[in-house]
Amino acid sequence: MPYLSSNDLHDHASTMSKTSVTRPFQLERIDHIVIRCHDFTTMFDFYTRILGCTIDEPIDDHVNRFGGALTHLRAGSCYIDLLADDMKHLTEEGKQFAARSYAGGAGIEENSTVEELQFLAESSTLDHLCIRIEPFDEKNIKEYL
């Protein structure tokens with residue numbers, strides 16, 4: 001059974017006119033998304049070389065943050081953050097950051113160690129990411145790839 005029936009959605013939508021709620025903010029866009037990387041180097045290459053993401057200046061503010069765990073890539077007006085989970089390449093600060101961000105921010109279990117972290121699909125909070133590109137010409141994209 002769905003969480004909301006069609007009637008529930010219709011009732012909800014009819015009460016949510018743009019003027020019925022005054023919010024102290026407006027939704028503008030997605031600011032960033034964080035993607036866990038089992039192979040950071042390959043992911044970095046894909047997002048920068050293949051898709052064309054860039055790194056804002058100053059570079060040190062956007063690359064290898066939190067002990068090597070996080071890198072911000074510019075994707076148009078948004079960021080794609082790559083979260084490295086390869087413990088061999090992280091400083092102690094990076095390992096602690098990975099532990100705090102585990103399971104969508106739930107963190108690791110009380111008696112667990114950072115080295116025991118397993119980043120599995122079951123503990124992920126991301127279903128998928130869709131990046132809009134223009135123009136969308138499937139033939140040219142396949143040739144490019």
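Full-extension gain between Ile35 and Arg23, please, as 0.36 nm times their residue separation minus the C-alpha to C-alpha distance. Walk me through the numbers before you get to the answer.
On the way: separation 12, 0.36 × 12 = 4.32 nm, distance 2.99 nm.
Net length gain for the segment: 1.3 nm.
Quick one: which residues, 5 or more positions from Ile55 or on another chain, have an amide H under 5 Å from its amide H? H modelled 1.01 Å from N in the peptide plane, none for Pro or chain starts.
Arg74
What is the extension gain from Ile59 to Asp137, computed as 0.36 nm multiplied by their sequence separation minus the C-alpha to C-alpha distance, in nm to one decimal? Provide the component values of the computation, followed by the final result.
Numbers: separation 78, 0.36 × 78 = 28.08 nm, distance 3.27 nm.
Length gained between Ile59 and Asp137: 24.8 nm.
Sorting check: for 47-54, 61-68, 134-141, 79-86, which peptide has the highest mean count of neighbouring beta carbons within 10 Å, and how do the rest follow?
Numbers: 47-54: 14.1, 61-68: 16.5, 134-141: 8.1, 79-86: 20.2.
Top to bottom by mean Cβ count within 10 Å: 79-86, 61-68, 47-54, 134-141.
Could you give me the ³J(HN,Hα) list for the stretch 70-84, computed from phi with Karplus coefficients 6.51, -1.76, 1.60 and θ = phi - 60°, whole Hz, x at Gly and Pro?
9, 10, 8, 10, 7, 10, x, 8, 10, 10, 10, 9, 9, 9, 6
Laboratory data are not the source of any read-out in this text; all were calculated from the coordinates shown. The structure displayed is predicted, hence computed values, not measured ones. Positions of Cβ are generated from backbone atoms using ideal geometry, with glycine treated the same way; all protein chains shown enter the neighbour counts.
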